[in-house]
Ligand SMILES: [Fe+2]
């Protein structure tokens, strides 16, 4: 709980930041990303000027998928029954950005950095407050995580977020994934559990 005069903020927002693991191989993963870019059609979703792939599953990006799974299943991963949903690849060059968007409700948005993030991702907290309250808070509830190549972050999928204009000569390459939590024992989840990790 943090105090701001007589104003107290009672609740926090869950946010995971898994730092690059020893098995992060930037060269191989960037090659896989470029191979996908060479074959996949570009989509325009939140990206402005950048390249975004269609939905990707494990067979489409096996190296990235394996790395993400290794992070999620590590000691600092998610200690709950979960499933990686579809992902997509983002490649931004200088001047490219992503407009404000969410990943829907009820799961986690995950970003995996193949290159340094240059602190361009902004996340707005609308869980513990709403727009009117943000104005009362004055300072806002905006967070710019410091992410390096190999890092993986996760946050509630309903939080609005964006990527500010890339200003480097080198490419900015990230995967975005959605992660769902699964209930234990529900027969209707049997198919979903094909990719599940049970801790
Ligand atoms: Fe996103």
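The values are calculated or read from the model by the stated rules, or taken from the named source; none is laboratory data. Fair warning: this is a prediction, and the values are worked out from it, not measured in the lab. All Cβ positions, even for glycine, are placed from backbone atoms using ideal geometry, and neighbour counts span all protein chains on display.
A few points about this structure:
- Output for the range 173-195, where each listed residue is within 21 Å of residue 75 (Cβ to Cβ), surrounded by 15 or more Cβ atoms within 10 Å (Cβ to Cβ) and at pLDDT below 90: 182, 195
- Residue 58 being surrounded by fewer than 19 Cβ atoms within 10 Å (Cβ to Cβ), under 18 Å from residue 23 (Cβ atoms) and either in contact with a helix residue (DSSP H, G or I) (Cβ under 9 Å, 6 or more places away or on another chain) or in contact (Cβ under 8 Å) with a residue 12 or more places away in the chain (or both): yes
Listed here are the residues, each with its yes/no results for (1) touching a residue at least 12 places away in the same chain (Cβ under 8 Å); (2) more than 10 Å from the ligand (Cβ to nearest atom); (3) over 14 Å from the mean Cα position of the chain (by Cα); (4) under 13 Å from residue 175 (Cα atoms).
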residue: 87; (1), (2), (3), (4): yes, yes, no, yes
residue: 94; (1), (2), (3), (4): yes, yes, yes, no
residue: 102; (1), (2), (3), (4): yes, no, no, no
residue: 108; (1), (2), (3), (4): yes, yes, no, no
residue: 113; (1), (2), (3), (4): yes, yes, no, yes
residue: 125; (1), (2), (3), (4): yes, yes, yes, no
residue: 128; (1), (2), (3), (4): yes, yes, yes, no
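- Residue match in the range 68-79 (condition: within 21 Å of residue 145 (Cβ to Cβ), modelled with pLDDT under 95 and touching a helix residue (DSSP H, G or I) at 6+ places or on another chain (Cβ under 7 Å)): yes
- Residue in the range 150-172 that is at pLDDT 90 or above and touching a helix residue (DSSP H, G or I) at 6+ places or on another chain (Cβ under 8 Å) present: yes
- For residue 38, the conditions (1) part of a helix (DSSP H, G or I); (2) in contact with a helix residue (DSSP H, G or I) (Cβ under 9 Å, 6 or more places away or on another chain) are fulfilled apart from (2).
- Scan the range 35-48 for residues that are in contact (Cβ under 8 Å) with a residue 12 or more places away in the chain, in contact with a strand residue (DSSP E or B) (Cβ under 8 Å, 6 or more places away or on another chain) and more than 16 Å from the ligand (Cβ to nearest atom) and the total you get is 3.
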